[in-house]
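Here's the structure, in C-alpha cells; my notes come after.
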Amino acid sequence: MNNFEQIKSLEERYKDMKKRLGENHSDTLTALNDLAVTLRNLGYYQESLDKFEQVYEACKRILGEDHPETLTALNNLATIFIRLGNYQEGAVKLELLYEKSRRVYGEEHPDTLAILNNLARGLCLSGRYEEALEKQQYVFETCNRILGGNDSLTLTSLNNLAAILGELGRHEEALEIQKRVYETRKRIFGENYPDTLRVQGKLAGSLFKLGRKEEALRLMEQVLAAREQILGKDHPETNKALTDLTTMRDGSF
C-alpha cells in the first residue's frame, strides 16, 4: 500500500466511524487521531493540524484537561506547530503541557521528559538558546540515567543538544555528539531508518560549517538518495534534503 492509499484508507475508516458511532465516540476519535498521526509521519503537517486540533478539543471536552489522552493530544498539536514553523505557539502549548504533565505524572516520568525535550527544541527554534540549553541538558542527563544511553528518547535529546550547541557556534562539540548519535542509531535501527537519516543530515551540516565541505556533500548525497528511494522525489523530507544539498554546493548553506 502506497502513501496515498494508506491515507485514503484511514480517511474512509474515520468517515465510517463518524457515521455509525458519532463524532465524539472514542473509536471515532482514535480513527481521526490515527489519520492525523499518519499525515504527520508522512510529512503532511498542514493537513494534520486541523485533525489534531479536533482530537484535542474533543478530548478536553469529553475527558477533561488533565486526562492522559488529552495531554497526548495537546503534545501532538504543539509539535505540529513547531514543525510548521510557528515556534511561539508551539512553545506556549508545550510550556502549558509540561506543567500539567509534571503535576500528573511527576518530573522524571518519560512522558514528562519527552514534553520537556520538545519544549527545549521549540525554545531553540525560537532563538532562546540559553534557556533551551539548560532544559536540554537536564533532559539528556535524566534520560541517560533512567532509560539508558540506547533509548530513543535519550538519543533524541542528545541530538537536540547538539543542535543547540550548533546554534551557539559550538560546532566541534555538536559534531562529536552527532557522530555518537548517528553511529548508535545506525547500529540499532539501520542506516535507512528515518531518524538515522535525519541525524546524518545534521552531521553533514556540522561538517559543512566546520569547512569540511567534501565530507558534508558526500553524506548529504547519501541522505538524498535514501530519501528518494524510500519516500519518493516529491516528499517534503526529500525536498528538504535536496535543498540542503543544493545550498551546500553553492556555498549558501
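The values are calculated or read from the model by the stated rules, or taken from the named source; none is laboratory data. These numbers come from a predicted model, not from an experiment. Backbone-built Cβ (ideal geometry, glycine too); neighbour counts: all protein chains shown.
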> Among (1) farther than 25 Å from GLU107 by Cα; (2) free of Cβ contacts under 8 Å to residues at least 24 places away in the same chain; (3) crowded, with 22+ Cβ neighbours inside 10 Å, which single condition is ARG170 missing?
Replying inline: (3)
>> Considering only residues that are over 20 Å from HIS235 (Cα atoms) and touching a Ser or Thr at 6+ places or on another chain (Cβ under 9 Å), which ones fall in segment 20-51?
In response: ARG20, LEU21, GLY22, ASN33
>> Here is a check on your reading of the model: is TYR105 surrounded by fewer than 19 Cβ atoms within 10 Å (Cβ to Cβ), out of contact with any Pro (no Cβ under 8 Å at 6 or more places or on another chain) and more than 26 Å from ASN33 (Cβ to Cβ)?
In response: no
>> What's the number of the only condition in (1) within 17 Å of the chain's Cα centre (by Cα); (2) part of a loop (DSSP other than H, G, I, E, B) that ASN118 fails to meet?
In response: (2)
> If you check every pair at least six apart or on different chains, which have Cβ atoms under 8 Å apart with a residue in segment 229-253 that is farther than 30 Å from GLY211 by Cβ first and a residue that is of a type in the set (Val, Ile, Thr) second?
Replying inline: LEU231/THR238; GLY232/THR238
>> Looking only at residues that are modelled with pLDDT under 95 and either among the small types (Gly, Ala, Ser) or touching a Cys at 6+ places or on another chain (Cβ under 8 Å) (or both) in segment 121-140, which one is surrounded by the most Cβ atoms within 10 Å (Cβ to Cβ)?
In response: GLY122
> Across segment 194-235, which residue is surrounded by the fewest Cβ atoms within 10 Å (Cβ to Cβ) among those that are charged (D, E, K, R) and more than 22 Å from GLY251 (Cβ to Cβ)?
Replying inline: ASP234
>> Quick check on this structure: which one of ASN150, ASN159 is closer than 24 Å to ALA226 by Cα and outside any helix (DSSP H, G or I)?
In response: ASN150
> Out of (1) surrounded by 15 or more Cβ atoms within 10 Å (Cβ to Cβ); (2) closer than 27 Å to TYR45 by Cα; (3) without any contact (Cβ under 8 Å) to a residue 40 or more places away in the chain, what's the single condition that is false for GLU191?
Replying inline: (1)
